[in-house]
Each structure stands twice: as structure tokens, then as C-alpha cells.
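The values are calculated or read from the model by the stated rules, or taken from the named source; none is laboratory data. Being a predicted model, the structure only gives us computed values, none of them experimental. Cβ placement follows ideal geometry from the backbone for every residue including glycine, while neighbour counts extend to all protein chains displayed.
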């Protein structure tokens, strides 16, 4: 039988239309866009066109797009690049984030706090994984220089009220003296949002936004950072003038072309695909929750249309994944960036749930290839696996931990 891939939050397959757009730049269009010759000029023009296409999708200017190698680099460039640039002008600089951010955000902020003299406030989330706007409002101070809150969580799929949070920051700026009226800068990691949510920069009220090609059926090793005009960043790398000297080195031309094509397709097909995925998502949730001692993690409605994160008590999520893998069902226990760690998910723990619930968590993320037959098959093979693993488990968690 064919495999059933339900790990689209980790990475997506390359869309054939994207591959077709990339192929010429792997073969005949091989010029260096920095070269002063016709071969290079042709390729540079194609990069400029890709940048303009992306800007149209985000409702921003082409010169506000910086191409990177993916979401992790974009997040690091946004956080470290801006905070290091602004530090000399602000005494006791302060940063706000949440407890459920991606490791590429949390680790960068941990470094700034431990090594470079920044103060960091981690906003808690409610039991559904949502930030409360009033908590952000209360955390803002005249020393706050940077706020980073992800658009949609990569593990539990909860969608944050980014536009509302951005509007709070905008009003706070207006209350400050003119010397500080551009601070704080608002950044969002939107890697999971492409193809599912609105990416209009103006509506979201964000100053920087991260996207990753491999989360939207584009090529791995491609990504971008939207940076509002006027914001100064300090580069993390040196050695060339590409991407305004913020990302030096010969451009990943095929990756850039593929990224632009993938984003265009994702945004055009967004509404139709969401309408197809939501009933499949809900059917999978309903079926899994029929099993005893199971719970849905994340918001029941304000969540990504393809995300199902559940905790199945009394068994380890990793063991369930291995048994499903033997049945040709590919899922995960959470973020692929922390898969080498056996520590429980920091996201599940941030919901106020105990370690036993975090260890039993699993993530199924649907995609363009997912069918109703796939969902039926998962609901057929999962219950016997759960029954088998529970029969071997020494754990029997009290029901108060998952109700």
C-alpha cells in the first residue's frame, strides 16, 4: 500500500509546478546574478521578478524582502540583527515573546539574555495556547525594543490574534515620546501560516515576518524575511553585497524562484484547500477522541486547518509513532527541530499540562495529498496500537490530568 504522510508541518513535498519553475535555473540559466554580463543579468532579472511576486502576495515593497536559507535563519536575522543594531541607543533593552515559540526564536533570545544584556519577558498562554492581548499590553515598557509572537504554532496549530496584538503595539508606540515612536518592532514567525492564513502585512500590523519555503510545497533551504523599510539590521554574516549585505553570498537562485512560485500557488489556492482540509481534520480529531483518555491540544477552532495534536495518556508518543510507521503512517510527536531530544514538548507544558500529557502527545498534519480514505485508515490502525501499548505500559494517569 502507499504511505500516508501526515507530517506536513515538518516539511512538504515539492509541488510539481514549483519544480518546473526551478528546473531552468539548475541547467541552462546558470549565470551568477552578481556578474556583469548577459548570463548574470538574465538571472538577476528573474530574482527581481520573484521578489516582486512575493511582495505582491504580502502587500509590501520588493525591497522589503530579504532571501534566506529558511525559517531559522530568518528568525535569527530578525532577532539578533535588529536587537544588536538597536542596543547602543537603548538603556536596559527589553524583549517580549511567548512560552510556545519555535526553538529558533527561543534560543536566539536566550543568548541575548545570557550574553548580551537584554531582558526577556515570556508571555504565558492559556490552556488553548492563545496569548491574551491584555497581557501583552501590560508587559510593554518604554524600554521594550522588540516583540516576537508566532502567527500559528507549529506543534498545536493554535492561531494567535496577530492583527490585534499588532494594533496594541501600534497604539503603544503612539503614546511614546517622538524619539522612541518607532519602537518596539513587531516580528512574527509565519512559517506555518503560508497557504492557510492571511499574509497581508498591512492588516497584520507587523514590521518583520518570517516564511519558509519547505512549509508551503517549495524547496528546502529557501526562506525569506520581510523587513519594513527603515528598520536597520546588523548582518550575521559578512563577505558580499547580496541582499543589502544582510545575507551575503551567491544567491540560491533556483530556491528563490521556487519559493516565489510556491507562495503564489499557496495563496491562490488557500481558501479552496482550507475548505477541503477542515472536514478531514475534524473527522480525525473526532475519531481519535473516541479513544479513552485522550485530549485535543490547542484551540478547538482557532487552529490551522491541517493540524491535529492530541495526547494519548498512558503511552509514549514516540512508541505510537514507531508503530504507526510500521503501518505506513508518518506522523510526529511535535517540532522536527527538537526530534533528537527526548524532553517533553515545551509547548504542551506551557498549556499548563503535566509531563505525562506532554510525553503522550502526537501531531498529525494533513496536506494536499491527504484523502478521506487516509483518515479512515489511520482511525482503523490507531486504536489497536493504543490498546497494545497500554497493555504493556506501567503508567496509569489519573483522569484529572487530561479533562
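Worth pointing out:
- Candidates in segment 15-29 are the residues that are surrounded by fewer than 19 Cβ atoms within 10 Å (Cβ to Cβ) and within 13 Å of residue 257 (Cα to Cα); of these, the one that is modelled with the lowest pLDDT is 26.
- Residue 275 being over 19 Å from the mean Cα position of the chain (by Cα) and in a helix (DSSP H, G or I): yes
- Residue under evaluation residue 293, criteria (1) buried (at least 17 other Cβ atoms within 10 Å of the Cβ); (2) closer than 30 Å to residue 41 by Cβ; (3) out of contact with any strand residue (DSSP E or B) (no Cβ under 6 Å at 6 or more places or on another chain), criterion not met: (2)
- Scanning segment 296-338 for residues that are in a loop (DSSP other than H, G, I, E, B) and surrounded by fewer than 23 Cβ atoms within 10 Å (Cβ to Cβ) yields a total of 11.
- The set of residues in segment 252-268 being farther than 17 Å from residue 200 by Cα and either surrounded by fewer than 21 Cβ atoms within 10 Å (Cβ to Cβ) or out of contact with any helix residue (DSSP H, G or I) (no Cβ under 8 Å at 6 or more places or on another chain) (or both) consists of 252 alone.
- Taken together, the residues in segment 224-248 that are within 18 Å of residue 33 (Cα to Cα) and in contact with a helix residue (DSSP H, G or I) (Cβ under 6 Å, 6 or more places away or on another chain) amount to 1.
- Put simply, of 354, 394 the only residue that is within 24 Å of residue 131 (Cβ to Cβ) and at pLDDT below 95 is 354.
- Checking residue 8 against (1) surrounded by 14 or more Cβ atoms within 10 Å (Cβ to Cβ); (2) in the same structural domain as residue 211 (by TED's automatic domain parsing); (3) at pLDDT 95 or above, the condition it does not meet: (2)
- Residues that are at pLDDT below 95 and touching a helix residue (DSSP H, G or I) at 6+ places or on another chain (Cβ under 6 Å) occur at least once in segment 329-336.
So that you can scan it fast, the table gives a plain yes or no per residue for (1) touching a strand residue (DSSP E or B) at 6+ places or on another chain (Cβ under 8 Å); (2) surrounded by fewer than 13 Cβ atoms within 10 Å (Cβ to Cβ):
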{"position": "238", "(1), (2)": "no, yes"}
{"position": "246", "(1), (2)": "yes, no"}
{"position": "270", "(1), (2)": "no, no"}
{"position": "274", "(1), (2)": "no, no"}
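- Condition met for residue 97 (buried (at least 16 other Cβ atoms within 10 Å of the Cβ), under 21 Å from the mean Cα position of the chain (by Cα), in contact (Cβ under 8 Å) with a residue 12 or more places away in the chain and not in a helix (DSSP H, G or I)): yes
- Residue match in segment 42-50 (condition: modelled with pLDDT of 95 or more, touching a strand residue (DSSP E or B) at 6+ places or on another chain (Cβ under 9 Å) and assigned by TED's automatic domain parsing to the domain that holds residue 111): yes
- The set of residues from segment 142-167 being surrounded by fewer than 19 Cβ atoms within 10 Å (Cβ to Cβ) and over 16 Å from the mean Cα position of the chain (by Cα) comprises 142, 143, 163, 164, 167.
- Some residue of segment 124-131 being touching a helix residue (DSSP H, G or I) at 6+ places or on another chain (Cβ under 8 Å) and not in a loop (DSSP other than H, G, I, E, B): no
Residue by residue, here is whether (1) buried (at least 24 other Cβ atoms within 10 Å of the Cβ); (2) touching a strand residue (DSSP E or B) at 6+ places or on another chain (Cβ under 9 Å); (3) part of a helix (DSSP H, G or I) holds:
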| position | (1), (2), (3) |
| --- | --- |
| 174 | no, no, yes |
| 195 | yes, no, no |
| 202 | no, no, yes |
| 224 | yes, yes, no |
| 230 | no, no, no |
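- Test result for residue 163, within 20 Å of residue 101 (Cα to Cα), assigned by TED's automatic domain parsing to the domain that holds residue 86, at pLDDT 95 or above and in contact with a strand residue (DSSP E or B) (Cβ under 8 Å, 6 or more places away or on another chain): no
- When segment 142-162 is filtered for residues that are more than 17 Å from residue 78 (Cβ to Cβ) and in a loop (DSSP other than H, G, I, E, B), the ones remaining, listed by number, are 142, 143, 153, 155, 156, 157, 161.
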